[in-house]
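Undergrad: Here it is, the structure, as structure tokens.
The values are calculated or read from the model by the stated rules, or taken from the named source; none is laboratory data. Computed from a predicted structure; not experimentally measured. All Cβ positions, glycine included, derive from the backbone under ideal geometry; neighbour counts span all protein chains shown.
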Amino acid sequence: MRWRSGSFWNGCARSPGVTFYTLTAMAPEAAATSPAPHTVAVGPVTLPELIDRPQLVIRVAANRVDILETHRWAESLKSEIPRVLAENLARLLRPARVSAYQQNASRDAEYRVLVDIQRFETVAGAGVTIEALWSVRKVAVGAIPRKGRSLAHEPVRGMEYDALTAAHSRALAAISGEIAQALREEGK
């Protein structure tokens, strides 16, 4: 048998390429300046085990999902979701300083935002749904947290995964708006 450079690989099937996706914060133009707390820390964020993985998870039936091996999140959702929420809140609560929980800036925060993602559902050709329970708590001893529940639906036409991940970003922006309102009310 003669070996030439690359001969071994030429006979093997190529594996499909992997595409990576990220969530994005809302556009700066959508943000508004308003009175708000000075410092806010977002996180930790909890997620259902079903989506706590690098692969995109698509619901295809009431009791069935597909886990897409070649379509993946570029960053863990446990770190990406609080980062995006923090960026959104920073824009909505300008000039407040908002950071994600694991960042050093979060240590001296006046307020803490905890988020429990109940649903992070993707349905190709239909849209996305994010349901979250959240609380806003002043760090001061004895402070009573303000609790909320947000449900955001974002429709998407077509099967493009880029559009689905963009819809998740829009849904997180809607949830961020509700949390920002609670922070404004707490900061009064």
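Undergrad: Checking the conditions here, which among L133, L85, L114 is farther than 23 Å from P28 by Cβ and touching a residue at least 40 places away in the same chain (Cβ under 8 Å)?
TA: L114
Undergrad: Could I ask something else about it? Looking at (1) crowded, with 17+ Cβ neighbours inside 10 Å; (2) under 15 Å from the mean Cα position of the chain (by Cα), which is the one condition that is false for L151?
TA: The number of the failed condition is (1).
Undergrad: Of the residues that sit in the stretch 161-181 and are within 23 Å of R72 (Cα to Cα) and not hydrophobic (A, V, I, L, M, F, W, C), which one is surrounded by the most Cβ atoms within 10 Å (Cβ to Cβ)?
TA: Only one residue tops the list, namely H168.
Undergrad: Only one residue in R64, R83 is surrounded by 20 or more Cβ atoms within 10 Å (Cβ to Cβ) and among the basic types (K, R). Which one?
TA: Exactly one of R64, R83 is surrounded by 20 or more Cβ atoms within 10 Å (Cβ to Cβ) and among the basic types (K, R), namely R83.
Undergrad: Go through G127, G142, G158 for me and flag whichever is buried (at least 17 other Cβ atoms within 10 Å of the Cβ) and on the phi > 0 side of the Ramachandran plot.
TA: G127
Undergrad: Another one. Taking the stretch 35-88 on its own, how many of its residues are part of a helix (DSSP H, G or I) and out of contact with any Asp or Glu (no Cβ under 9 Å at 6 or more places or on another chain)?
TA: Residues that pass the stated criteria total 9.
Undergrad: Taking the stretch 86-95 as the search range and keeping residues that are closer than 14 Å to S176 by Cα and either among the acidic types (D, E) or modelled with pLDDT under 90 (or both), which one is surrounded by the fewest Cβ atoms within 10 Å (Cβ to Cβ)?
TA: Among those residues, the one meeting the criterion is R94.
Undergrad: Could you look through the stretch 49-61, keep only residues that are surrounded by 14 or more Cβ atoms within 10 Å (Cβ to Cβ) and either in contact with a His (Cβ under 6 Å, 6 or more places away or on another chain) or not acidic (D, E) (or both), and pick out the one that is farthest from A163 (Cα to Cα)?
TA: R53
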